[in-house]
Amino acid sequence: MQWDNGGEFKKSLPIVTLMERNQMTQPLYLPNGGWDQRIHAFKYTELVTCYAVVTQRYLVILDTLISPKTMRVMMDHLKPQMTSERRLLVVNTHSDWDHVWGNQLFAGEDALYPAPIIASRRCRADFDLPEAQSQLADLQKQNPGELDDVRITPPTLLFDERLTIEGGDLTLEIFPARGHTHDHTAIYVPEIKTLFAADSAERPYPQPRKPEMLPQMRQTLAELATYDAEVVLYCHADDVDGAVIRDNIAYFHFIEEKCRRAKAAGIELPDEKEADVASLIDCSFVDAMGQDSGDYHNYYQTQGHYDQIRAVWQSM
Ligand SMILES: [Zn+2]
């Protein structure tokens, strides 16, 4: 969710994408892309992918899509996994709307699948911000019929820094991975060397909610790269390995080099936000993306990229 309306970075793109493509539909159950069979993946349009991990003790839901309607489809698929020996647990990786607006399926008086919703204390706090309600109202207006029944439903089981879920056969280690947002967490499952990066890495690049959070976001990327993960799963990228993390690190490194040269040459960035600072410091989106020649929305190639350059510039 975009809590900080004064920040440089807007998370407006997914909404725009949904409206442009008029693509509101059901989440898709993804065929196994090379991950452990106990992992189930559900992709809702191009907006977000959420996961479930089936362990001996728990069925763990990792984020709840964008609405009770979409989340219900995911739970219908998972019904065979809900046995009497296996308890349901829900995790919110962070409080962005595209990860938590299906929460009411699990908490509240009309919850279809009552279960603890686990999140960091930082994440929980964001649900009480007035911006949560105003963003919901805005998005409901922009997407008639799709989000009408969404009710902001906070997590119910909180931890401070880290939490371990011992599922019996699999262990889920939840740890802070901040920068994209101040409350962001990621999950590592050592038995199957699988990392759920959520939004800490994504294509074409992750965005810090505020420019001053960029150094922390890059630090998180560097930490994620040290994991001995054979499978890495993302909420906004289809890759199944560490390539996104490496590409994101390289992208910011490239920008940093260009900024360093520009500063040495005495170049200064103009004040106005829309200015093409990429051309100014010879740092085009295509060059900065290196191998990744994906067909990205114009926003990412222009304003989003300019914002990243400014954030890196400011951090040096
Ligand atoms: Zn997201």
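A short reminder: the numbers here are calculations on the coordinates, not readings from a lab. The structure presented is a predicted model; accordingly, all values stated were derived computationally and were not measured. All Cβ positions, glycine included, derive from the backbone under ideal geometry; neighbour counts span all protein chains shown.
Annotations
- With K and R counted +1 and D and E -1, the other residues having a Cβ less than 11 Å from that of residue 78 yield a net charge of +2.
- Anisotropy class of the stretch 13-242 from Cα gyration tensor, a/c 1.5 cut: rounded
- A simple rule links phi to the HN-Hα coupling: the Karplus curve 6.51 cos²θ - 1.76 cosθ + 1.60 with θ = phi - 60°, which for the stretch 217-222 gives 5, 5, 4, 4, 4, 4 Hz, with x for Gly and Pro.
- Over 32 Å (Cα to Cα) - which of 193/273; 43/263; 43/193; 43/210; 69/273 fall in this group: 193/273; 43/263; 69/273
- Modelled label positions at residue 158 and residue 140, each set 7 Å beyond Cα in the direction of Cβ, lie 2.5 nm from each other.
- With Cα atoms defining each centre, the stretch 269-316 and the stretch 79-126 are spaced 36 Å apart in the structure.
- Summarising the amide proton neighbourhood of residue 30: residues at separation of 5 or more, or on other chains, whose placed amide H is nearer than 5 Å comprise 41, 42, 43.
- Exposure here means at most 10 other Cβ atoms within 10 Å; with GluC sites (Glu not before Pro) in a DSSP loop as sites, the longest stretch of the chain lacking them is 110-267.
- Neighbours of residue 270 by Cβ distance under 13 Å: Lys/Arg scored +1, Asp/Glu scored -1, total -3.
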